[in-house]
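Inspection log for the structure reproduced underneath, given as structure tokens.
The values are calculated or read from the model by the stated rules, or taken from the named source; none is laboratory data. Note that the structure is predicted; figures quoted are calculated from it, not measured. Every residue, glycine among them, receives a Cβ derived from its backbone with ideal geometry; neighbour counts consider all protein chains shown. The area values use the complete protein model at the heavy-atom level, side chains included, leaving out ligands, DNA and RNA. Shrake-Rupley method; radii C 1.70, N 1.55, O 1.52, S 1.80 Å.
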Amino acid sequence: QVQLVESGGGLVQPGGSLRLSCAASGIIFRIYPMAWYRQAPGKQRGLVADIASRGRTSYVDSVKGRFTISRDNAKNTVYLQMNSLRPEDTAVYYCHASLGQSAYWGQGTQVTVSS
């Protein structure tokens, strides 16, 4: 049984930081490309950042220079460090694992950026 469990969300003021974690089980984590998506109210879910199995990363333009995705294959965990948060970053953040025809989602964690 595959599980992706996100944690680390919460309420933060504009300009603040949060680190999201996603712990994976039931997959050979080290071979899976991993990604973070987000979905704001009334909007479609969209890609935020991804990291290849060997560590190459990419980001959506709106988070470049503020967010950092990383992975720890020994802990089967992917992270999203979010700095200089803005109100428009408010969304439910989802962890995603995809390889070939296999794709899995976490349950999501709420991030709210508000004063």
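Computed over neighbours whose Cβ is under 9 Å from that of Tyr79, the net charge equals +1, Lys and Arg +1, Asp and Glu -1. May I ask you to give the percent of accessible area on the chain that is carbon plus sulfur, with a probe radius of 1.4 Å? Of the solvent-accessible surface of the chain, carbon and sulfur hold 46 percent. Measuring spread by the Cα atoms of segment 26-88 yields a radius of gyration and Dmax of 12.6, 37 Å. Annotation: amide H-H contacts under 5 Å for Arg86 (H modelled 1.01 Å from N, sequence separation of 5 or more, or interchain): Gly15.
How large is the accessible surface per residue of segment 57-101, computed with a 1.4 Å probe and reported in Å² as a whole number?
Numbers: 2210 Å² over 45 residues.
On a per-residue basis, 49 Å².
In the calculated pair-distance distribution of the chain, the portion above 25 angstrom amounts to 16 percent of the Cα-Cα pairs.
Computed from backbone phi, the HN-Hα couplings of segment 72-77 come to 10, 5, 5, 9, 6, 9 Hz, rounded to whole numbers (Karplus: 6.51 cos²θ - 1.76 cosθ + 1.60, θ = phi - 60°; Gly and Pro given as x). The heavy atoms of Val5 offer some 70 square angstrom of accessible surface to a 1.4 angstrom probe.
In order along segment 97-107, the phi-based Karplus estimate (6.51 cos²θ - 1.76 cosθ + 1.60, θ = phi - 60°) of 3J(HN,Hα) comes to 10, 8, 8, x, 8, 9, 8, 9, 10, x, 7 Hz; Gly and Pro are listed as x. For Ser7 and Ser98, the difference between the fully extended length at 0.36 nm per residue and the C-alpha to C-alpha distance is 30.8 nm.
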